[in-house]
Amino acid sequence: MKNRRHYFVPGVVISMMALVFAGFACAAETEIVEVEKIVTEIVEKEVIKEIPKEIVVESIKEVVKEVPKEVVVETVKEVVKEVPVEKIVEKVVTEVVEVEKEVVKTKEVVVVATPTPTDDRFYMKTLDAFPKRGGTLYLGAHGPPAMFDIYASVTIANAGSMTTMYDQLIRRDPRTSTVPIIPDLAYAWEISPDGTVYTFHIRDGVKFHDGTDLTSADIKATYDRIVFPKEGLVSNRQVFLKDVSKIAAPDDQTVVFTLGRPKGTDVTLAAFASEWNHINAKATLDKYDGNLRKVDNQPGTGAYVYKSRDDDKWVQEANPNYWNENAPYVDRLEHIWFRAWTPENTAALIGGRTDWTMWLAPKDGRNIGDNPGISQGRMHSFTVAGMNFNTEKEGDVGKFLSDKRVRRAMMLAMDAPVIVDMLKDINGLMWGGFFVAGTPYALTQSELQSVPGLRSPTAEDMAEAKQLLADAGYPDGAGSPSLDFITRETPDQRLMMPAVQAMMASIGIQGEIRIADASGYIEDMQFGKFDVGFSASKSLAGDPGDYFKNMYGVCAGDVATGKLCDNNHSFWRHQEFNDILNAMDAEVDMTKRLAYAAELRTILLDEAPLAPTMNSEVVYWGWSDNLKGMMPDDSDFYTWYELHKWDNVWLNR
């Protein structure tokens, strides 16, 4: 509507005008005014398109229709004019023609056919419409690894650089922050109605890097190594598949897993989808009797093949015979060794030496995306960790640490909240006691402050710790052996272990710090070559049934003499604890599960097989904007150090 101006006109002028227009007293004037009225109507139309290989973004199509609509509005306006003889009434009729413009927006929603267990057409590809091929991708890698048996490893030094050469049975989708489970070597699977039988159908035409064909026998041999390791072999993923009782390969393209009891399908499929489950050839596993520690060039079926490895980097090249014709897009990978959480790691990314890195120090990683040309993401992992006390050590150390009074005293002297705060700018940790912080099982921060052994020690806690030592025969630590505090070379542990050493000294317990490399450290922990050492247990779904079992449980046989789970680095055996944990694992009612969790916490506080120091971890990723095909910038996602296959990315340079 245009603006209208209003004027004041003197009475004399009005009289003169009245005489001029006297002859038109009865005449009517018509003014035509167009008023445009916009009416918007949203019409949603859903179009289902089967697009199994890619995700199509939502498109909006706007259709504008002009619908003329005439509306006549009569406006009567009386104007009284003073004349000597008569009163003149001027009637002005204004005709308003209203044009109604109807805007119809048609919203076309493209629904993507998400790959399902029965979709044998799914092949990984980038979501970008016009990807480039070729180039070298430079990856900031934590390493080098000290050994090469992925099944015995819990360090990214192995998984980060080796996973590119292997495929899995099923996998996580790295293109989206929800990381859903999708097909890999298995293109389809079925689960029996009672949840105890999982049948996987394997792609044909897949070849190992040495040219031999992949069959279900290779899948079975790999999972036999994971689920039923031979004596003397370590399997750190066994605990996630502990309910598997039988593995069969009825034909070359079918593998069947039978569970001893029903278990949640989400948890079970997450275990099968772990990227750490590298599918190896049966011939390779047979040749080395399952021990791959010294075999760095195990032929896999993955998108990249081994080229070279030295003290600076590990180089791999595109597999020319890869079964997925879409991938890889990159010709060459270079994994360049950097220490986690170091300034050098950050500088390499910002300076363009690397295209991607993880393990950025939180002080750098929180806002790494503020740097020009860099994107960021945050990996969240369900992690619990603590200082393990080796209860099976021989000699004086064994006698000392096998006494639960000594261990309880050490737990009381440990100040975990201070450790978490001390490391806040080195790695992203949280504190929840024995359970993963933020889950229903964990105590709140206010609750933790009331629990001796989980709070910052008070004067009363320290007095109790010293009394326990005295009761055990070590007043003020007198007569206690000097302990071997093993630690890794990473910045967090280099800072943490001296603090732990000082905390123990405050109650009279002395020891020396020994630094080991990443993989060598894990090996010493697994075989008991330490007195006190830090270790962590991961979960694929945040369920205590797996991370507690792995950290405190027995994985095979009876509790007294059976095989300890491979992350039970305290070598602790406790019948009641295992019985409650097994009951909790089989329970689906959350109220009952929480009651079991409280019982487990009580036992751990009394027995103190370890002193918890942290749980829940945030790992900061950063990558160059030239690296395409990644999940959206500033994403948060939940995995256990996964998404390292690099078959979905390409370089825009």
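So here's what we get for this one:
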{"quantity": "Tally, over region 366-385, of residues that are in contact with a strand residue (DSSP E or B) (Cβ under 6 Å, 6 or more places away or on another chain) and farther than 14 Å from LEU627 by Cβ", "calculated": "8"}
{"quantity": "Output for region 615-642, where each listed residue is at negative phi and surrounded by fewer than 18 Cβ atoms within 10 Å (Cβ to Cβ)", "calculated": "VAL618, ASP625, ASN626, PRO632, ASP633, SER635, ASP636, TYR638"}
{"quantity": "Hey, THR215 among the β-branched types (Val, Ile, Thr), in contact with a Gly (Cβ under 9 Å, 6 or more places away or on another chain) and open to solvent by 10 Å² or more (accessible area, probe 1.4 Å) or not", "calculated": "no"}
{"quantity": "Matching strands (runs of 3 or more DSSP E) fully within region 507-586 where at least 3 residues are more than 27 Å from ALA442 (Cα to Cα)", "calculated": "511-516"}
{"quantity": "Failed condition for THR458, given (1) in contact with a strand residue (DSSP E or B) (Cβ under 9 Å, 6 or more places away or on another chain); (2) without any contact (Cβ under 8 Å) to a residue 12 or more places away in the chain", "calculated": "(1)"}
{"quantity": "Qualifying residue in region 582-595 (condition: within 28 Å of the chain's Cα centre (by Cα), at pLDDT 95 or above and either open to solvent by less than 20 Å² (accessible area, probe 1.4 Å) or over 23 Å from LYS263 (Cα atoms) (or both))", "calculated": "no"}
{"quantity": "Odd one out for THR222, checked against (1) within 30 Å of the chain's Cα centre (by Cα); (2) in a helix (DSSP H, G or I); (3) surrounded by fewer than 21 Cβ atoms within 10 Å (Cβ to Cβ)", "calculated": "(3)"}
{"quantity": "Within region 416-464, tally of residues that are under 13 Å from GLY386 (Cα atoms) and under 28 Å from the mean Cα position of the chain (by Cα)", "calculated": "13"}
{"quantity": "Conditions (1) in a helix (DSSP H, G or I); (2) modelled with pLDDT of 95 or more; (3) not aliphatic (A, V, I, L, M): number failed by PHE240", "calculated": "(2)"}
{"quantity": "Region 477-500 - residue that is without any contact (Cβ under 8 Å) to a residue 40 or more places away in the chain and part of a helix (DSSP H, G or I) and, of those, farthest from SER535 (Cα to Cα)", "calculated": "GLY477"}
{"quantity": "Wholly enclosed strands (runs of 3 or more DSSP E) of region 302-389 bearing at least 2 residues open to solvent by 40 Å² or more (accessible area, probe 1.4 Å) and of a type outside the set (Lys, Arg)", "calculated": "304-309"}
{"quantity": "Residue satisfying condition, being in contact with a Lys or Arg (Cβ under 7 Å, 6 or more places away or on another chain) and surrounded by 15 or more Cβ atoms within 10 Å (Cβ to Cβ), within set LEU448, LEU483", "calculated": "LEU448"}
{"quantity": "Output for region 261-276, where each listed residue is open to solvent by 30 Å² or more (accessible area, probe 1.4 Å) and in a helix (DSSP H, G or I)", "calculated": "THR265, ASP266, VAL267"}
{"quantity": "Qualifying residue in region 261-271 (condition: over 21 Å from ARG171 (Cβ atoms) and under 27 Å from the mean Cα position of the chain (by Cα))", "calculated": "yes"}
{"quantity": "Among (1) open to solvent by less than 50 Å² (accessible area, probe 1.4 Å); (2) over 30 Å from LEU627 (Cα atoms); (3) at pLDDT below 95; (4) not small (Gly, Ala, Ser), the one test that LEU468 misses", "calculated": "(3)"}
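The values are calculated or read from the model by the stated rules, or taken from the named source; none is laboratory data. Treat the numbers as computed from the prediction; the structure is a model and nothing was measured. Positions of Cβ are generated from backbone atoms using ideal geometry, with glycine treated the same way; all protein chains shown enter the neighbour counts. Ligands, DNA and RNA are stripped out before the accessible areas are found, and what is left, the full protein with its side chains, is counted by its heavy atoms. Shrake-Rupley method; radii C 1.70, N 1.55, O 1.52, S 1.80 Å.
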